[in-house]
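Take a look at the structure set out below.
The values are calculated or read from the model by the stated rules, or taken from the named source; none is laboratory data. Keep in mind it's a predicted model, so treat the numbers as computed, not measured. Backbone-built Cβ (ideal geometry, glycine too); neighbour counts: all protein chains shown.
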Amino acid sequence: MNRFDYIRPASVPEAVEAAAVPGSTYLAAGTNLLDLMKGGAARPERVIDITRLPGLDRIEWLPDGSVRVGALVRNSDLAYDDRFARTFPAVAEALLSGASAQLRNAATVGGNLMQRTRCAYFHDLASACNRRAPGSGCDAREGENRLHAVLGWSEHCIATHPSDFCVPLVALDAVAEVAGAHGAREIPVDALHVLPGATPEQETALAPGELIVSLRIPAEAAAFARNARYLKLRERTSFAFAVVSVAAALEMEAGAIRKARIALGGIAAKPWRAREAEVSLEGAEANPEAFAKAAEMALAEARPSGDNAFKIELARRIVARALTLALDGTPEAMPALPASPFSTTPGANHAA
Amino acid sequence: MPLETTSPLPQHRRHGSSAGQPLTRRDGVLKVTGRATYAADNHPDGMLYAVTAVSSIARGRVTALDVEAAKAHPGVVEVLTPANRPPLAHDPDEKMPPFGFRVEVLQDDTVRYVNQPIAIVIAETPEAATEGAALLNPQYEVEPARTGRESGERFDPEVIGIGAPARTAHGDIEAGFAAAVRVTEADYVTPPQYHNAMEPHAVVAQWDGDRVTLDMPNQALALSCASHAAYFGIPAENVLIRSPFLGGGFGSKAILNGPQILAILAARMLDRPVKLALTRAQMYGPVGHRGRTWQKLRLGMDEEGRLTALHHQALCTTSSFDEFLEPAANASLPLYASPAILAEHEGLRLDVGTPGPMRAPGLASGSAALEVAMDEAAEACGMDPLDFRLANYAETEPTTGKPFSSKALRECYAEGAKRFGWSGRPHEPRTMRDESGFLVGWGMGTAVFHCPHFPAEARATLRADGTALVETAGADMGQGAWTALAQIAAEALGLDPDQVELNSGISSLPDGGIAGGSGHTASAGLALHNAGEDAIARLAELATTDPASPLFGAGNIGVVARAGRLHRRDDENRSESYAEILARAGRSDVVGTAKAARDPAVASAHAMYSHGAVFAEVKVDPDLGQIRVARLVGAFAAGRVINPRLVRSQYFGGMIWGASFALHEEAIADRRTGRIMNADLAEYHVPVNADVPSLDAILIPEDDPYVNPIGVKGVGEIGITGTVGAIANAVWHATGVRVRRFPVRVEDLIISREFA
Ligand SMILES: Cc1cc2nc3c(=O)[nH]c(=O)nc-3n(C[C@H](O)[C@H](O)[C@H](O)COP(=O)(O)OP(=O)(O)OC[C@H]3O[C@@H](n4cnc5c(N)ncnc54)[C@H](O)[C@@H]3O)c2cc1C
Ligand code: SF4
């Protein structure tokens, strides 16, 4: 690990000022950053530890029914917050399907949003990676890429964004509240992560030094509480990143769909909102044909970036399944295996 | 348990139930409270830290290293490269007998695989050493990496595994196929796998003149002392290895490796203690792995579903510079009766670190293919997979005709099937669903593992207070040797295990043999057993020749040792405690010793294996293809059970490993560079608890009078065999999709036409 300066600001303005110096990086729980530093994929000169910043560890309900979640709220604290989990069940389910209990106890909201891709070539210093070293090339392109992107990728980068949490956030129009040298602003989470295009090193819409101070989920998102699911397919039953995942939420009215939300994870450099598919469902009768059509539409633009054509078919199937599960209704209690196909059907073995 | 000391030594008689006591691990509290010291927990004064710089290419030469930059980094003390590496007394390009491998210790600038050490940096802190290694910024002359079947170099090996013949033929294979009414043939692929013991390979080396103390996890203490001594040009007795606990070994801590040798060398050069601990990623190269295999199985059957021919071919990978090959095809030798069996191996040289024995070497990969092939053959014959195996049950070792020393496999099949509920299984695939709509499938496989026996020595000291100290340089990798070995000794000594102190895990003790091949309990255990009997015999001698003893004159009749007392065999009421005997003789102790090995005559007359049957239930999401092992039931017969708790835990561990092999584990090497793209535990998947919700291991009683005088066979590795095939067969039964590549992945189902 390289030698770096360690700075522990006492307030958000101090943090933002400290981070304005090039070569600075924020440190939250470090579950992602420290791994990257140990492996050498991140070599910051200045580490700005934000974990002691006051006031960022709160879950605050606003008068209009929306919620503001501080950037330092731990993933597990948020998922187990009763009111939060009841109001935004798919978000809680997504959080609990991520990583392991130990990691969730440490990981922060801000860190989860800002975690970097798991593309193995990004982590491997000997590989060419445009995202890590702009202009060096992309060794994933012709490499071991069965888990890489099938939507929104470019010749310059085929990485995916690994977060589960962000997938329902994007579906529910969550907004990141940001502080920076030039003041505060808001960025929809859907616009926070950016597609690679010709500049994959530009991973997010944050300007250098900008800090996510909180996350806001709008009140309207609560309308989906009764029919919202997160479903995640992975290569072991727990403690694995998504091969493909989906957040699906329905607002039902007299047997018909009033509104629908669909976002996919693990298939693009950002959580992928399927807006056209959502529109196709609005006002429609909730039935397998409608769901299959929506799934088709969600993946209409998909194309393999390597040995991953199966992910397209898988994504279609998982969209249709998640919509079916959402229609079945949000489970009374959090399934024992959150977001797992093995927890979603009543009567399945929840022994783990 | 009573023990008759006058029975002739080699044939120990069983007393009552053969089941031992399910004691919990003696070292359990130390472990769960963090007080068990593993190698890297040692911090002698003045210690330095070593970190290896490793190659990122698979083949070529290192042309430049920025040693100056590394040395300029604060805290860096020294950098060893091929230019300044002190000499070694053994040529690392020569194998070290009896089964040492060639090692990479900076002998030159060539690179033979990814993660090979190309320099070692020694510093005052681990951080400084790590950064020093990063600053070396190696430059390479790169040659194309040979990473696959197409680019690798094929060869006909002389031997496979550890000294087994590459080709074994029994009967006339072509005649066998000519006699068949049905022939099945298929290809199977198994991936590279890495041991990934929880504890990384580590060493703390301290020199004192030409003596060295090594704290390192080690599965073969005496052998390793001799090998290290040869490298450093000192007598074997000058090497002291302390290895009280290993955080798993699985075969990767039995063989010397380059990074550890380099750290020991650095400690001598700098005259300060040096610690090295590999990172997880660095364990993917210099410390062995399970090599890839491509296997072909061809089975011929007659009208009744009896095998007429069994042909197993395996193409197995090894490194460009050494020979270890997974003896995969030999999995077809011990199990099924057939008039003709042919097992053949071919080697494939790749630019990878040399593979080595990894839990159930050969059999894990070979059984995976064989058991699926058996399932396919049963299907072709329209037979139930269990009936098919019973129809081909081997009453004697198929290729030699030797009788088995014991074989309770029929009971394993029967008990396992009963517990599992196998009898209701429909023949047709894709016919079972659970109440939630998941596809359900049942599969089975036969488990088998050989029973090697390593020469071992031990000492047993009966002390004045009537307790005992028993000693052997054994190795506890987590299997529970601290507990099971003490139990064996206690039984021989006629004492309660609580009265027996075991001293183990340090090379200065009598050679405890190797903790490998599932042979440690039998090997070190027999030595302890014999040493205990020797101590009792000496004690009996004291008593029976002492006119003041109630046992005086019982020499010819014999005595029985029980609960700390010797009893006259023909009169239980005449007895005396060990303490009394010693006190009157004015002795502070009596010491028994033993050297134990397998009787070659008994060995050559018998085939010796542990057996088992594994039944698996899987559930598969009918649309998404996600697979979960819902239930595993294994029934195993492995001779006498010393400690059912520990034995069951070994079976569980093996079966979970089988699930790992079947569904999760695979090292993914970039096909262009050979670099391992998932060299960490986040991406190299092994099962988590949720992956195996229900496990059952049945201990089938088995009395083996031949395998060794204590009747103990091995239990450590057998659980993997059988399980892999059982799960793959269950996936077929659930889905109708026959996957012949491990691990079975979601896309194998999703893209298959049979899968909807
Ligand atoms: C083994 C393993 C398995 C995992 N599995 C999953 C999984 O299945 N699903 C999943 O979603 N995630 C998974 N994760 C990722 C995990 O969720 C993230 O590591 C975690 O959320 C990061 O949070 P942190 O607080 O530790 O962030 P840190 O590691 O401290 O920071 C991560 C990044 O975010 C930046 N950052 C942090 N806070 C802010 C802020 N407030 N404003 C701006 N930038 C900020 C940092 O500079 C850094 O670049 C896994 C991680 C590991 C190690
Ligand atoms: S896919 Fe993106 S992150 Fe991965 S190597 Fe290519 S450029 Fe780098």
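With B:P74, B:P98 as the choices, which residue is surrounded by fewer than 21 Cβ atoms within 10 Å (Cβ to Cβ) and under 27 Å from B:G251 (Cα atoms)?
Residue meeting the stated conditions: B:P98.
Go through the stretch A:135-144 and report how many residues are over 22 Å from the mean Cα position of the chain (by Cα), within 12 Å of another protein chain (Cβ to nearest Cβ) and near ligand 2 (Cβ under 8 Å from one of its atoms).
Result for the stretch A:135-144: 3.
Have a look at B:P97, B:P87, B:P92, B:P138 and point out the one that is modelled with pLDDT under 95 and under 26 Å from B:I261 (Cβ atoms).
Checking each option against the conditions leaves just B:P97.
Within the stretch A:159-188, track down each residue that is within 14 Å of another protein chain (Cβ to nearest Cβ) and within 11 Å of ligand 2 (Cβ to nearest atom).
The answer is A:A159, A:T160.
Based on this model, can you work out whether B:G625 counts as within 14 Å of chain A (Cβ to nearest Cβ), modelled with pLDDT of 95 or more and on the phi > 0 side of the Ramachandran plot?
Working: within 14 Å of chain A (Cβ to nearest Cβ): yes; modelled with pLDDT of 95 or more: yes; on the phi > 0 side of the Ramachandran plot: yes.
When the stated conditions are applied, B:G625 passes them.
Residue-wise test of (1) over 24 Å from A:E332 (Cα atoms); (2) within 16 Å of ligand 2 (Cβ to nearest atom); (3) among the basic types (K, R); (4) over 13 Å from the mean Cα position of the chain (by Cα).
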{"position": "A:A222", "(1), (2), (3), (4)": "no, no, no, yes"}
{"position": "A:N227", "(1), (2), (3), (4)": "no, no, no, yes"}
{"position": "A:V246", "(1), (2), (3), (4)": "no, no, no, no"}
{"position": "A:E253", "(1), (2), (3), (4)": "no, no, no, yes"}
{"position": "A:A269", "(1), (2), (3), (4)": "yes, yes, no, no"}
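Condition (residue is surrounded by 22 or more Cβ atoms within 10 Å (Cβ to Cβ) and either modelled with pLDDT under 95 or touching a Pro at 6+ places or on another chain (Cβ under 8 Å) (or both)) applied to the stretch A:286-303: is it met by at least one residue?
no
Mind listing whichever residues of the stretch B:523-569 are out of contact with any Leu (no Cβ under 8 Å at 6 or more places or on another chain), over 17 Å from B:L493 (Cα atoms) and of a type in the set (A, V, I, L, M, F, W, C)?
Residues satisfying the conditions are B:A548, B:F552, B:A554, B:I557.
Any residue that is more than 13 Å from ligand 1 (Cβ to nearest atom), within 25 Å of A:L78 (Cα to Cα), basic (K, R) and within 14 Å of chain B (Cβ to nearest Cβ) - is there at least one of those in the stretch A:270-289?
For the stretch A:270-289, residues more than 13 Å from ligand 1 (Cβ to nearest atom), within 25 Å of A:L78 (Cα to Cα), basic (K, R) and within 14 Å of chain B (Cβ to nearest Cβ): absent.
Take the stretch A:143-188 and flag every residue that is touching a strand residue (DSSP E or B) at 6+ places or on another chain (Cβ under 8 Å), more than 15 Å from ligand 1 (Cβ to nearest atom) and β-branched (V, I, T).
A:I158, the sole residue that qualifies.
Among (1) over 23 Å from A:P44 (Cβ atoms); (2) among the small types (G, A, S); (3) near ligand 2 (Cβ under 9 Å from one of its atoms), there is one condition A:A94 misses while meeting the rest; what is its number?
Going through the list (1) over 23 Å from A:P44 (Cβ atoms); (2) among the small types (G, A, S); (3) near ligand 2 (Cβ under 9 Å from one of its atoms), A:A94 breaks only (3).
Does A:L125 fit the bill of being farther than 27 Å from A:R226 by Cβ, surrounded by fewer than 21 Cβ atoms within 10 Å (Cβ to Cβ) and within 12 Å of ligand 1 (Cβ to nearest atom)?
Taking the combined requirement at face value, the residue does not satisfy it.
Kindly indicate the residue of the stretch A:208-224 that is in contact with a strand residue (DSSP E or B) (Cβ under 7 Å, 6 or more places away or on another chain) and more than 16 Å from ligand 1 (Cβ to nearest atom) and also nearest to A:F84 (Cα to Cα) among those meeting that condition.
A:I217
Scan the stretch A:148-158 for residues that are out of contact with any Leu (no Cβ under 7 Å at 6 or more places or on another chain) and more than 11 Å from ligand 2 (Cβ to nearest atom) and jot them down.
Of everything in the stretch A:148-158, those that are out of contact with any Leu (no Cβ under 7 Å at 6 or more places or on another chain) and more than 11 Å from ligand 2 (Cβ to nearest atom) turn out to be A:V150, A:L151.
Residues of the stretch A:227-266 being within 14 Å of chain B (Cβ to nearest Cβ), of a type outside the set (K, R) and assigned to a loop (DSSP other than H, G, I, E, B), which ones?
A:E235, A:T237, A:S238, A:F239, A:A240, A:F241, A:A242, A:V243, A:G266
Cβ-Cβ under 7 Å, sequence separation 6+ or interchain: first residue in the stretch A:198-223 and within 18 Å of A:T51 (Cβ to Cβ), partner more than 16 Å from ligand 1 (Cβ to nearest atom) and among the polar types (S, T, N, Q). Which pairs?
none
Taking the condition at pLDDT 95 or above, more than 9 Å from every other protein chain (Cβ to nearest Cβ), in a loop (DSSP other than H, G, I, E, B) and within 30 Å of A:P338 (Cβ to Cβ), does B:Y706 pass?
No: the conditions fail for B:Y706.
Considering each residue of the stretch B:550-588, count those that are modelled with pLDDT of 95 or more, assigned to a strand (DSSP E or B) and surrounded by fewer than 15 Cβ atoms within 10 Å (Cβ to Cβ), and give that number.
Of the residues in that region, 1 qualify.
Of these, A:G265, A:G329, which one is touching a residue at least 24 places away in the same chain (Cβ under 8 Å), away from ligand 2 (no atom under 16 Å from the Cβ) and surrounded by fewer than 17 Cβ atoms within 10 Å (Cβ to Cβ)?
Residue meeting the stated conditions: A:G329.
Quick check on the stretch B:476-483. Is at least one of its residues over 14 Å from B:V590 (Cα atoms), buried (at least 19 other Cβ atoms within 10 Å of the Cβ) and in contact with a strand residue (DSSP E or B) (Cβ under 8 Å, 6 or more places away or on another chain)?
yes
Where in the stretch B:131-178 are there strands (runs of 3 or more DSSP E), lying fully within it, with 2 or more residues that are within 30 Å of A:E45 (Cβ to Cβ) and within 14 Å of another protein chain (Cβ to nearest Cβ)?
Of the strands (runs of 3 or more DSSP E) lying wholly inside the stretch B:131-178, those with at least 2 residues that are within 30 Å of A:E45 (Cβ to Cβ) and within 14 Å of another protein chain (Cβ to nearest Cβ) span B:139-142.
Check A:L36, A:L78, A:L56, A:L103 and return the single one that is surrounded by 21 or more Cβ atoms within 10 Å (Cβ to Cβ) and within 10 Å of ligand 1 (Cβ to nearest atom).
Step by step, each of A:L36, A:L78, A:L56, A:L103 is checked, and only A:L56 is surrounded by 21 or more Cβ atoms within 10 Å (Cβ to Cβ) and within 10 Å of ligand 1 (Cβ to nearest atom).
Return a yes/no flag: does the stretch B:554-563 have any residue that is among the polar types (S, T, N, Q), within 41 Å of the chain's Cα centre (by Cα) and more than 14 Å from chain A (Cβ to nearest Cβ).
Keep residues of the stretch B:554-563 that are among the polar types (S, T, N, Q), which gives B:556.
Then drop every residue that is not within 41 Å of the chain's Cα centre (by Cα), which leaves none.
For the stretch B:554-563, residues among the polar types (S, T, N, Q), within 41 Å of the chain's Cα centre (by Cα) and more than 14 Å from chain A (Cβ to nearest Cβ): absent.
Could you list, in sequence order, all residues of the stretch B:663-681 that are more than 8 Å from chain A (Cβ to nearest Cβ) and either without any contact (Cβ under 8 Å) to a residue 24 or more places away in the chain or under 13 Å from A:H123 (Cβ atoms) (or both)?
B:I676, B:A679, B:D680
Are any residues in the stretch A:97-122 of a type outside the set (G, A, S), within 30 Å of A:G143 (Cα to Cα), more than 16 Å from ligand 2 (Cβ to nearest atom) and within 13 Å of chain B (Cβ to nearest Cβ), and if so, which ones?
The answer is A:L103, and nothing else.
When both residues are 6+ apart or on different chains and their Cβ atoms are under 6 Å apart, which pairs have a first residue that lies in the stretch B:424-448 and is within 14 Å of another protein chain (Cβ to nearest Cβ) and aliphatic (A, V, I, L, M), and a second that is buried (at least 23 other Cβ atoms within 10 Å of the Cβ) and in a loop (DSSP other than H, G, I, E, B)?
Short answer, once both residue conditions are applied: none.
Please state which of the following conditions A:R132 fails to meet, knowing it meets all the rest: (1) more than 12 Å from chain B (Cβ to nearest Cβ); (2) out of contact with any Phe, Trp or Tyr (no Cβ under 8 Å at 6 or more places or on another chain).
(2)
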